[in-house]
Amino acid sequence: MTAFTLFVVGPAGSGKSTFVAAFADWLSNNEIPFITVNLDPAAEYTPYVPDVDVRAYVTARQVMEEYELGPNGAIIASVDLMLNHVSSLKEEIEESASGGYVLIDTPGQMEVFAFRRSGAEVVRELAGEKCGVAFIVDAAVSKSPSSFASQLFLASSVYYRFKMPQLNIFNKIDLLSEKELEEMLEWVRSPQALFNELERELAGEERLMMMGLLDAIRGFAESFSTYFVSSKLSKGFEDVYAELQRIFRGGEDFEVPEYLRGET
């Protein structure tokens, strides 16, 4: 049975691992098969027990000691060294997965994984026939119009990097007031509303630049499905699952990107 490989990507502190743990629990409670995969060699703790774990092959702490690197250098090196073990990771995943979902928790430092060549190579090797990205955002740090828009731009950069179906998921909505959540929902429903708020926040900026920003925001809003969840409260997962199923079962035209097929 074909599995759906979901790469969970996002900035440090956005709640990627917590999302994986909570969504895995939700899938389990609904008797939907899944496995979890930890690809963060620097993780000291995960809120779930990974079925497949890169730390069985390489850890940032070991790399730091062996190569006498600082923390940042060790994280970069350990992600690069992951490539030496990606075939073993793939074999473990294939042996463990029996349809359903493969939830892949990616490194905490998103830029190290998403924008380095080694990260793209790991994705190429581990992506299944059906695959997608869940881009996780910390809703609590996205309250202002400019911060919300910046997260959309960051999400778009990840999309153009991996070129596969992507959901934008604003996590930690339990930290928002009802008014703050409603404002964000309105920004998703109406890009013009977000633009109007940005225009007030960025008073004095050149009008031409602002109009270009509106076009970009409108394009992002129309291209991506955006959801609001609380991993802490297991809230919003029904909608996320429904969208994943729509992609998984072919409700959206799905074609694995050429770079994932190994084509030039």
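Taking every eigenvalue of the Cα gyration tensor of segment 1-88, multiplying by 5 and rooting it, what semi-axes result, largest first, whole Å?
On the way: eigenvalues 145, 43, 21 Å².
Semi-axes (√(5λ), whole Å): 27, 15, 10.
Please work out, to two decimal places, the log10 of the ratio I(q)/I(0) at q = 0.13 Å⁻¹ from a Debye calculation in which every Cα of segment 4-154 carries one identical scatterer.
-0.59
Here are some values of Cα Rg over 2.2 N^0.38 Å: [x] 1.03; [y] 0.97; [z] 1.35. Which one was computed from this structure?
[x]
R0 = 45 Å: FRET efficiency of ARG246 with GLU65, Cβ-based, nearest 0.05?
Calculated value: 0.45.
Charges only on Cβ, +1 for Lys and Arg, -1 for Asp and Glu: so what's the dipole of the chain about the Cα centre, in debye to the nearest 20? Intermediate results must be reported in sequence, preceding the final value.
On the way: 22 positive and 41 negative charges, 48 e Å.
Using only the charged Cβ atoms, the result is roughly 240 debye.
How big is the equivalent ellipsoid of segment 94-218 along its three axes, where each semi-axis is √(5λ) from the Cα gyration tensor, reported in whole Å from largest to smallest?
Working: eigenvalues 204, 62, 30 Å².
Its equivalent ellipsoid spans semi-axes of 32, 18, 12 Å.
Stretched out fully, how many nm does the piece from ALA216 to GLU178 gain, at 0.36 nm a residue minus the Cα gap?
Numbers: separation 38, 0.36 × 38 = 13.68 nm, distance 2.75 nm.
Here the segment from ALA216 to GLU178 would lengthen by 10.9 nm.
Just name one of GLN151, THR46, GLY128: the one whose Cα is farthest towards the positive end of the charge dipole of the chain (beta-carbon charges, Lys/Arg +1, Asp/Glu -1).
GLN151
Measure nothing fancy, just the Cα-based angle from helix 145-162's long axis to the longest principal axis of the chain, in degrees from 0 to 90, nearest 10.
For helix 145-162, the angle is close to 40 degrees.
If I fit a long axis through the Cα atoms of helix 71-81 and take the longest principal axis of the Cα atoms of the chain, what angle between them do I get, 0 to 90°, rounded to 10?
The angle comes out near 60 degrees.
LYS143: which aspartates and glutamates have alpha carbons under 14 Å from its alpha carbon, excluding same-chain residues fewer than 8 sequence positions away?
Within the straight-line limit of under 14 Å, LYS143 reaches these aspartates and glutamates: ASP174, GLU178, GLU180, GLU182, GLU183, GLU186, GLU197, GLU201.
Along the charge dipole of segment 150-207, pointing to its positive end and built from +1/-1 on Cβ of Lys, Arg, Asp and Glu, which listed residue (MET164, GLN192, LEU175) has its Cα farthest out?
MET164
Please work out the Cα center distance from segment 83-113 to segment 162-180, rounded to the nearest Å.
23
So how far apart, in nm, are the two label points at GLU94 and ILE32 if each is 7 Å from Cα heading toward Cβ?
Inter-label distance under the simple model: 2.6 nm.
Report, by chain and number, residues whose modeled amide H sits under 5 Å from the one on GLN166, excluding near sequence neighbours (fewer than 5 apart, same chain).
For GLN166, whose amide H was placed from the backbone, the distant partners under 5 Å are VAL133.
A short reminder: the numbers here are calculations on the coordinates, not readings from a lab. Bear in mind the structure is a predicted one, so any value in this text is a computation, not a measurement. Don't worry about glycine lacking a Cβ; one is built from the backbone with ideal geometry, like all the others, and counts go over all protein chains shown.
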